[in-house]
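Q: Right, I'll just put the structure down here and ask away after.
The values are calculated or read from the model by the stated rules, or taken from the named source; none is laboratory data. The shown structure was predicted, so the numbers you read here are calculated from the model rather than taken from an experiment. So basically every Cβ, Gly included, is an ideal-geometry build from the backbone, and we count neighbours across all protein chains shown. To get the accessible areas, we keep the full protein, side chains included, count just its heavy atoms, and leave off ligands, DNA and RNA. Shrake-Rupley method; radii C 1.70, N 1.55, O 1.52, S 1.80 Å.
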Amino acid sequence: MQTRFYIRAIVLFSVLLCGATAHAFAQDAAALIKKVKEKLEKVSNYEANGMMRTNVSFIKVPDSKITVYYKNPDKFRIKKENGISIMPKGSVSLNPGTSLSDENYTTVAAGTGKIGDQPVSIVKLLPLDEKSEVVVSTLYIDEKDLLIRKVITTTRNNGTYEIEMSYGKYMSWGLPDKVAFIFNTKDYKLPKGLAFDYDTGEKPAPVNDKNQKGRVEITYSSYSINKGISDKIFQ
């Protein structure tokens, strides 16, 4: 009888300990997201110059010099003179803070990992809105420098895509030197995520095999931060 009592006590203690640990992890994840967001919110707007490289089999686009505009919390535009203008829509943006602009989500700790040699904490964001296009976003966060190194987002209509970010000169602002947007061309409905305006009015003919990865890379050369940007830029 006494043995059964001890066993039950041990089981109960283990359950309570696991519950307390899970609660602590959840609190830690929420606190980490808050710190990252506070860092990113120091940037109210920016204008950046860079080079865009597009590697999508059914859209033949040469490497392009671009200007990128951002205004807190979620206005974002990429512009190229005499070429293709790209306006990310809906859940898609190449700005690191976009995943955190809407606070209507539950934060779930998902362990740790590495991006290259960089240790990261993994946090999942689950939207509370059941009609949200985003099903789940997984953030890989450099906890030491409060930087988002990678985001994997699963959507209802556009499959799963990844955004990878590397940092250098502007890391104190949480702004990347390079961003890569990677998606499965079979699942991703490109016109809904990236709006392309062709100068000639003629779009490249699609290829038959779309079951492969597409990649759009932006390498930034300079940022002008918090100098003010007109809303007309985003119209």
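Q: For Lys203, state whether it is out of contact with any helix residue (DSSP H, G or I) (no Cβ under 6 Å at 6 or more places or on another chain), of a type in the set (D, E, K, R), surrounded by 15 or more Cβ atoms within 10 Å (Cβ to Cβ) and modelled with pLDDT under 90.
A: Numbers: out of contact with any helix residue (DSSP H, G or I) (no Cβ under 6 Å at 6 or more places or on another chain): yes; of a type in the set (D, E, K, R): yes; surrounded by 15 or more Cβ atoms within 10 Å (Cβ to Cβ): no; modelled with pLDDT under 90: yes.
In short, no.
Q: Could you count how many residues in the range 39-60 are open to solvent by 70 Å² or more (accessible area, probe 1.4 Å), in a strand (DSSP E or B) and within 18 Å of Gly97 (Cα to Cα)?
A: Residues that pass the stated criteria total 1.
Let's see how each residue does on (1) under 16 Å from the mean Cα position of the chain (by Cα); (2) in contact (Cβ under 8 Å) with a residue 12 or more places away in the chain; (3) outside any loop (DSSP other than H, G, I, E, B); (4) surrounded by fewer than 14 Cβ atoms within 10 Å (Cβ to Cβ):
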| position | (1), (2), (3), (4) |
| --- | --- |
| Asn95 | yes, yes, no, no |
| Ser121 | yes, yes, yes, no |
| Leu125 | yes, yes, yes, no |
| Glu130 | no, no, no, yes |
| Ser137 | yes, yes, yes, no |
| Tyr161 | yes, yes, yes, no |
| Glu164 | yes, yes, yes, no |
| Lys169 | no, no, no, yes |
| Leu175 | yes, yes, no, no |
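Q: Quick check on the range 13-32. Is at least one of its residues modelled with pLDDT of 50 or more and in contact with a helix residue (DSSP H, G or I) (Cβ under 8 Å, 6 or more places away or on another chain)?
A: No; the residues of the range 13-32 include none that is modelled with pLDDT of 50 or more and in contact with a helix residue (DSSP H, G or I) (Cβ under 8 Å, 6 or more places away or on another chain).
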